[in-house]
1. What residue, of 221, 184, 253, 180, is within 23 Å of residue 87 (Cβ to Cβ), small (Gly, Ala, Ser) and either touching a residue at least 24 places away in the same chain (Cβ under 8 Å) or open to solvent by 60 Å² or more (accessible area, probe 1.4 Å) (or both)?
2. Any idea which residue in the stretch 54-95 is surrounded by the fewest Cβ atoms within 10 Å (Cβ to Cβ), counting only those that are of a type in the set (D, E, K, R) and in a strand (DSSP E or B)?
3. Just to be sure, is residue 166 open to solvent by 50 Å² or more (accessible area, probe 1.4 Å), modelled with pLDDT of 85 or more and part of a helix (DSSP H, G or I)?
4. Taking the options 103, 45, 69, name whichever one is at pLDDT below 70 and more than 30 Å from residue 200 (Cα to Cα).
5. Conditions: (1) exposed (fewer than 14 other Cβ atoms within 10 Å of the Cβ); (2) at pLDDT 55 or above. Residue 28 meets all but one. Number of the miss?
6. Only one of 125, 150, 175 is outside any helix (DSSP H, G or I) and at pLDDT below 90. Can you tell me which?
7. Say whether the condition of being within 17 Å of the chain's Cα centre (by Cα) and open to solvent by less than 20 Å² (accessible area, probe 1.4 Å) is met by at least one residue in the stretch 101-111.
8. In the stretch 224-248, what count of residues is obtained for those that are closer than 19 Å to residue 265 by Cβ, out of contact with any helix residue (DSSP H, G or I) (no Cβ under 6 Å at 6 or more places or on another chain), part of a helix (DSSP H, G or I) and not polar (S, T, N, Q)?
Amino acid sequence: MDANADGALVVRASGASAALAALAALSGQSAHTGQVQIAVRVAMPRRLPPDVRRLALPGCTVELLPPAPGERCGVVVVSVDAHRLTIALSELQPLMWHPAALPQPLEMLFGSAVEQLLSAGARHDLLDPHGAALHLVGLVELVLRSALRDELNQVDTGAARYRDALAYIGDHLADPELTAERVADALFISRRRLYQLFTDGDGVSGRIRRMRIERAKQLLADPTKTLHGVADIARQCGFVNAAHFSRTFRAIAGSTPKQFRQRASVAEVDRGHDLPEQG
């Protein structure tokens, strides 16, 4: 990271697929794959042990890179699956690959929160990884929305409406009666105008299905939900029956819900084995 000021922020698309998605977003095309990565220069915490510098969580990772010789600031790098953010890649363009200054209070808040998260993450018996992932994604949202506050307040009406529509859908995924008409009514716009906001080929209904499947993936991978059967997960994601849920899940995710849960369970065990022994 080539920013010199404390609290400097750089946003980039992580990986080739995400970089292509970021470029596609600039031309108005769909961009829902890959990861968004932020790098924030922060004062190096004094209390954090040198070997506790990286934490991998479902859908995101955080890493603290040490300062260069003679410098007091390190860099926090957080990678988040793009679909977990409510800000589109196209809206991140003002920050993409260009260093931007963060106000010192925000830099201190972010650095302190990451330090505490890494410290607690070293004790794998303390943190639920899915809860920690939600916390980390929230921190990224806080930094991005604060850094982009002026730009987001000045975006065209379509982008703002689109973001509002996604937020409403996300808040009502469990409602089986959620439809494009309901979303349009909530935003006080016509269905025709709502359809114009979703230009990625899926349309409103397709986006609702995909967001429900993403929510289902989170629930199926959550070890605290192991006693919840597939039918229960389906209901929590707004599907009226398990058969329809399983067909939709397989069409989008490429596997059945049970297969996905089994793979997620194995990955969770492997992640636990990779954690350092506690003295």
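1. Details: 221 fails: within 23 Å of residue 87 (Cβ to Cβ); 184 fails: either touching a residue at least 24 places away in the same chain (Cβ under 8 Å) or open to solvent by 60 Å² or more (accessible area, probe 1.4 Å) (or both); 253 fails: within 23 Å of residue 87 (Cβ to Cβ).
Of the residues listed, the single one that is within 23 Å of residue 87 (Cβ to Cβ), small (Gly, Ala, Ser) and either touching a residue at least 24 places away in the same chain (Cβ under 8 Å) or open to solvent by 60 Å² or more (accessible area, probe 1.4 Å) (or both) is 180.
2. Residue satisfying both the conditions and the ranking: 54.
3. Values: open to solvent by 50 Å² or more (accessible area, probe 1.4 Å): no; modelled with pLDDT of 85 or more: yes; part of a helix (DSSP H, G or I): yes.
The answer is no for residue 166.
4. Numbers: 103 fails: at pLDDT below 70; 69 fails: at pLDDT below 70.
Residue meeting the stated conditions: 45.
5. (2)
6. On the way: 150 fails: outside any helix (DSSP H, G or I); 175 fails: at pLDDT below 90.
125 is the lone residue from the list that is outside any helix (DSSP H, G or I) and at pLDDT below 90.
7. Within the stretch 101-111, the subset within 17 Å of the chain's Cα centre (by Cα) is 110.
Imposing the further condition that a residue be open to solvent by less than 20 Å² (accessible area, probe 1.4 Å) reduces the set to 110.
Scanning the stretch 101-111 turns up at least one residue that is within 17 Å of the chain's Cα centre (by Cα) and open to solvent by less than 20 Å² (accessible area, probe 1.4 Å).
8. So the count comes out to 1.
The values are calculated or read from the model by the stated rules, or taken from the named source; none is laboratory data. Keep in mind the model is a prediction, meaning the values are calculated, not measured. For neighbour counting, all protein chains shown are included, and Cβ atoms are generated from backbone atoms with ideal geometry for every residue, glycine included. Accessible surface is based on the protein model in full, side chains and every heavy atom, while ligands, DNA and RNA are left aside. Shrake-Rupley method; radii C 1.70, N 1.55, O 1.52, S 1.80 Å.
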